[in-house]
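Q: Take a look at this one; I'll ask things after.
Throughout, read-outs are computed from the coordinates displayed, never taken from laboratory work. For clarity, every value in this text was computed on a predicted model and none was experimentally measured. Cβ sites come from the backbone with ideal geometry, for glycine too, and all protein chains shown count toward neighbours.
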Amino acid sequence: MSTRRLDPNLPSPPRERSYWELLPRRNLRRALFLILALGGVLFIKHTGGLSFRKMFEDVAPPETGGGFQHIEVRRPGTPAAGHP
């Protein structure tokens, strides 16, 4: 048998803590905030909100049928490629 139970002068063992008491309180709030922030970012990304493309299209919608235009940058006085 244990000497702890036989001797009344020894302190009793500490009570067993529950699962919630074992969690660190200081970091729990930080972890919950990070999980909520990550969920908010994923929700915004899933819905396609807050994108720069949407913001710019609201101000000036893109032109249709414009096509690609190549701009050549060269020093003054140099002839263009393909021109004499």
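Q: Express in nm, to one decimal, how much length is gained between THR78 and ARG25 on full extension, taking 0.36 nm for each residue of separation and deducting their alpha carbon distance. Please list the in-between numbers first.
A: Details: separation 53, 0.36 × 53 = 19.08 nm, distance 7.10 nm.
Gain in length upon complete extension: 12.0 nm.
Q: At 7 Å along the Cα-to-beta-carbon direction for both ALA37 and ILE71, put a label point, then send me their distance in nm to one decimal.
A: 3.9 nm
Q: Highest first, please rank the peptides 11-22, 67-78, 35-46 by the mean number of other Cβ atoms sitting within 10 Å of their residues. Numbers along the way, then the final one.
A: On the way: 11-22: 7.3, 67-78: 5.2, 35-46: 10.2.
For the peptides 11-22, 67-78, 35-46, the packing ranking is 35-46, 11-22, 67-78.
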